[in-house]
Every structure is written in C-alpha cells, then in structure tokens.
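Below: one structure, written as structure tokens.
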Amino acid sequence: MFAYERRNKIKQLLTNDKTVTVENLSKQFFVSESTIRRDLDKLADDGAIRRTYGGAFMLENLTNDLPITIREHENIDAKNIIAQKAVKYIQDGATIIMDTSSTVTALVPLLNVFEGLTVITNGIKTTYLLNSYGKITTYCTGGRLREHNMSLVGTTTCQRLGEINADIAFISCRGLSVEKGVTESSEEEAQVKKAMINAASKTILLCDASKLDMVLMNRVCEIKSLHAIICDVQMPEKFNRFCVDNGVRYV
C-alpha cells in the first residue's frame, strides 16, 4: 500500500471513529509506529486532523469543506506540479473555466504567457489574482457567496455558466473513485461543477493523491465524462485500467 493510500484509509477511519491511536493503526496497516506518526503528522500539516499524544482526532468533519485559507496551504508542491502539467492543455485565444479550488487556482501564475486568453470563474480570490494579469480577460459568474470558500454558487451561477461556450473547464474535487467518480462535500459546489462541465468542450480534473479513493456525498460526474485527469502520483492500477477502457487521459 502506498503512503497516500494509507493516509486516505486513516481519514476514512477518522470519519467514522473520530479518534485513532498510533498503536492500533500500526497493527492494522502492518507498518511501524514511526511510519504511522509520519502519516499523522502529514495529515495534521494538511489541516484535516489534530495530533495528540499517541494518536489523533478529527479536527473537522471531512464531509464539510475546509476554508480556503486552510486548503491553499495543503499539498503545495503537488498542486504546483499539477499546474505545470495542466497549463500544457491551454493555447492562445482559449476560453477556459476555472473553479474556485486551490488546486486549480495554482494555474493562475502560469497563464500570463498566453495571448487573448479569456477566463470564467466562480472564485472571488481567483478573480482577484487574475486581475493582476492585464492580458487576461476575466469574467466572474455572479451568484451567492460562500464566505469561507470565497466561491459563488446557486442558480445565478449555474445560469451564467449555461450561457457560455468554453474550450476547457479545469475543476478539482474532494473525492475521486472508480465506482462513484468525481464527488464533492457541498451540494452547491457539485451543481456548479456540473454546469462547468456542460459549458466546456472538454473537462480536465486536477486532483492530488489525497483525493484518490475518497467518496463524498454529492456526485459531480463519472470519470468517463472527463477528458483528462492530472495527478501528482502514478495512477493506481484500477484507475489506470478504467481510464484506458473509457478513453480518459491520465497525466
């Protein structure tokens, strides 16, 4: 089992049990206690849990969105790696949609090399960052503000996206699994991402390893609805087989 798979399993255990101990996790996963401590330290650094002496407890229910101020500091290196790969799908003159996720927002500093780029987003912070680049024409969808996420959601947001024809939609997610596809914790965010997918000729999912094999309540789409998945790790075999069988690129 890879480290990210083990950490995802630990997250799932915490969702159910709320607390875990290093000793029990070590026995359950057949690894040393020092390995489990490193796993818990990494999860704590990402803001999902709080470490205690000999274990950890759930800091915030994983079925809820973490505030953007926490998410933007999670897995920074992975997000930058993903952004470097994702930008290769963009061409001069393209119209692209960007969701409000911190993974997709990592694309923003890389966009100024393009000419005639148009960006549509439901992210307040994304809009603010794009404003620094004069060569980019930026549109904000409008809608109701989800304050801690700095995202715009609701009927107005989805209606505006329904009026747009874009070349590419870049979205992220809270969970990705072969069985349930792309999932989100928020029903409103899931609805907005569905509208983004419908508005674009192709959709590219930017997903770090912490999202693999995670399933949240609200379904966004099946994997086969995506043009490509860009991740920071080698795709586990079951994902790889499914993507190949359904014509989805994996980067």
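The values are calculated or read from the model by the stated rules, or taken from the named source; none is laboratory data. Predicted, not measured: the structure shown is a model, and the values here were computed from it. Here the Cβ positions follow ideal geometry from the backbone for every residue, glycine too, while neighbour counts run over all protein chains shown. In case anyone asks, the SASA skips ligands and DNA or RNA and just uses the protein heavy atoms, side chains included. Shrake-Rupley method; radii C 1.70, N 1.55, O 1.52, S 1.80 Å.
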So which of Ile164, Ile120 ends up being in a loop (DSSP other than H, G, I, E, B) and among the β-branched types (Val, Ile, Thr)?
Ile164
Pick from segment 104-139 the residues that are touching a Lys or Arg at 6+ places or on another chain (Cβ under 7 Å) and open to solvent by 50 Å² or more (accessible area, probe 1.4 Å): which of them is modelled with the highest pLDDT?
Glu115
Taking segment 1-22 and keeping only residues that are charged (D, E, K, R), touching a strand residue (DSSP E or B) at 6+ places or on another chain (Cβ under 8 Å) and either open to solvent by 70 Å² or more (accessible area, probe 1.4 Å) or farther than 15 Å from Met214 by Cα (or both), one is left with Lys18
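Sort through Val233, Val220 and tell me the only one that's more than 13 Å from the chain's Cα centre (by Cα) and outside any helix (DSSP H, G or I). Explain how you work it out, then say what you get.
On the way: Val220 fails: more than 13 Å from the chain's Cα centre (by Cα).
None of the others qualify; the one that does is Val233.
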Which of the residues spanning segment 154-198 are in contact with a Leu (Cβ under 8 Å, 6 or more places away or on another chain), in contact (Cβ under 8 Å) with a residue 40 or more places away in the chain, within 17 Å of Gly142 (Cα to Cα) and open to solvent by 10 Å² or more (accessible area, probe 1.4 Å)?
none
Among (1) out of contact with any Ser or Thr (no Cβ under 9 Å at 6 or more places or on another chain); (2) modelled with pLDDT under 90, Lys85 falls short only on (2)
Pick from segment 74-130 the residues that are of a type in the set (Gly, Ala, Ser) and in contact with a Cys (Cβ under 9 Å, 6 or more places away or on another chain): which of them is farthest from Val251 (Cα to Cα)?
Gly123
Residue selected from segment 53-70 under the condition at pLDDT 60 or above and farther than 15 Å from Asp17 by Cα, by the criterion surrounded by the most Cβ atoms within 10 Å (Cβ to Cβ)
Gly54
